[in-house]
């Protein structure tokens, strides 16, 4: 008999954002994900479901996270905002073609596995 054992460990960090993601709040997001990137942990789910507004600074932070994650073999999945205006920002700027967007955090986790 032969036994093969494989262990898969997925270190996926879920960052839930609510309210506004803008120039005034983006520093907190950057500091949050930087602590994981500095440890070479690069798989993220960014839960935007409760986000009501995003400006260019917030969007730039998401692009920066995606770029740094992919450079180290990771990825970033976004959970769609419930707010139609916030979701429209993602589609107008074509973020929906750059990022994988899901409806729930569970779906996002499945995408990263």
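What follows is calculated from the coordinates using simple rules that are stated; it is not laboratory data. For clarity, every value in this text was computed on a predicted model and none was experimentally measured. Here the Cβ positions follow ideal geometry from the backbone for every residue, glycine too, while neighbour counts run over all protein chains shown.
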Matching entry among 108, 61 (being part of a helix (DSSP H, G or I) and closer than 19 Å to residue 25 by Cβ)
61
Those residues of region 87-105 which are in a helix (DSSP H, G or I) and either surrounded by 14 or more Cβ atoms within 10 Å (Cβ to Cβ) or in contact (Cβ under 8 Å) with a residue 60 or more places away in the chain (or both) amount to 87, 89, 90, 95, 96, 98, 105
Enumeration of residues in region 35-51 that are exposed (fewer than 13 other Cβ atoms within 10 Å of the Cβ) and not in a loop (DSSP other than H, G, I, E, B):
35
